[in-house]
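Single-structure report; data block below.
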Amino acid sequence: MTKRIVSCLLALLSAAILLCSCGSDTPSASSGQTAAENSVQEESKAEETTKETTKTTTATKATTKATTKQTTTTTATTACEHDWIPADCQNPETCSKCGETRGSRANHVWEEATCSQPKTCRVCGETVGSPRAHYFELATCTQPKTCRYCGATEGQPKGHNWKEATYDAPKTCTRCGATEGKKLSVSDNWKGSVGTSIPQSFTFTNYKGQIESEIKITKVSIEFKGNNYRDTGEMIIKISGTKTYDINGDGQSRSGKIGIKVYDSAGNVWKEYMFYTPSLTNGETFKDKEVSFVGVPHGSYVVKLLDVNTG
Ligand SMILES: [Zn+2]
Ligand SMILES: [Zn+2]
Ligand SMILES: [Zn+2]
Ligand SMILES: [Zn+2]
């Protein structure tokens, strides 16, 4: 019953469509056909149309089913708020929720080759070529031959090329300038002291046993000098004094003579020496007159002054 009504309605609808589609060419008012004829024609057309319409309806139903399916799919897609994982060299941009992808894969991210690794993709580990060669810097005093890039080493350091310490500089490497210890110190190597109380007068006695002259020593000092090329040094004794007596009186000018003895630290006489003052008359003075000994081994020394005679 319902089907019948639908068919009639569809027939009417089809008739109306047909009338419209041909209306421009054949208006019904001027066709000249009777209403009955029209009606019959219309009915037979309507029947055919109904068949087609039924087919169409069936098709429409199928389409509707498909559409419904599509709609379902579309609804699911729309529901995913995509969370895109950026593309990398392995995968395009990908939704972490639904797995949908878009675009294409990204390029590899290359790390330059190192001495131990070829050019390598940071992401996937793919490699190209072979590791680069080491770039060795020459060995130094303290470092073996060393790769500038990776620090790999070969062989041994050269070791320093030492020049012994001097009084001007500590032990020094002639290649790299490194130093070790302190420079030599005169005071570390030599010490000197005066073993005679000063001031004190010293006499020179001639072969007749007469005192010819007397010199009053007012000051004695001792210095040492190091030698950069020898272990031994120089001892410099500086003496100051005044002439206080001459057998021939105040007008007589002549050198005074004073004995000097140098003792080593064990008390041995290391040096003895006759010191001549400048030629002096009574009352004349001399200052820091030097007596010098070279080849003095490291050590402590005592300097004594003494009377002398020609006996
Ligand atoms: Zn998604
Ligand atoms: Zn890669
Ligand atoms: Zn290297
Ligand atoms: Zn060096």
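Read-outs throughout are calculated quantities, based only on the coordinates presented, and are distinct from any laboratory measurement. If you're wondering where the values come from, they're calculated on a predicted model, not measured in any experiment. Virtual Cβ from ideal backbone geometry, glycine too; neighbours counted across all protein chains shown.
Find out how many positive minus negative residues lie around Thr196, taking Lys and Arg as positive, Asp and Glu as negative, among other residues whose Cβ is under 10 Å from that of Thr196. Cβ neighbours under 10 Å give a net charge of +2.
A cut-off of 5 Å between modelled amide H atoms, ignoring neighbours fewer than 5 places along the same chain, links Asn309 with Thr205. Based on every Cα atom in region 124-230, Rg and the maximum pairwise Cα distance Dmax equal 32.0, 115 Å. Restricting region 192-227 to chymotrypsin sites (Phe, Trp or Tyr not before Pro) that sit in a DSSP loop and have at most 13 other Cβ atoms within 10 Å of their own Cβ leaves Tyr207. Could you tell me the center-to-center distance, by alpha carbons, between region 203-247 and region 258-287 in angstrom? Result: 3 Å between the Cα centres. Taking a Cβ cut-off of under 15 Å around Gly241, the surrounding Lys, Arg, Asp and Glu residues balance to a net charge of +2, with basic ones at +1 and acidic ones at -1. Over all other residues within a Cβ to Cβ distance under 11 Å of Gln90, the charged ones net out to -1, with Lys and Arg as +1 and Asp and Glu as -1. The phi-based Karplus calculation (6.51 cos²θ - 1.76 cosθ + 1.60; θ = phi - 60°) puts the 3J(HN,Hα) values of region 79-84 at 5, 7, 7, 3, 10, 7 Hz, whole numbers, x for Gly and Pro.
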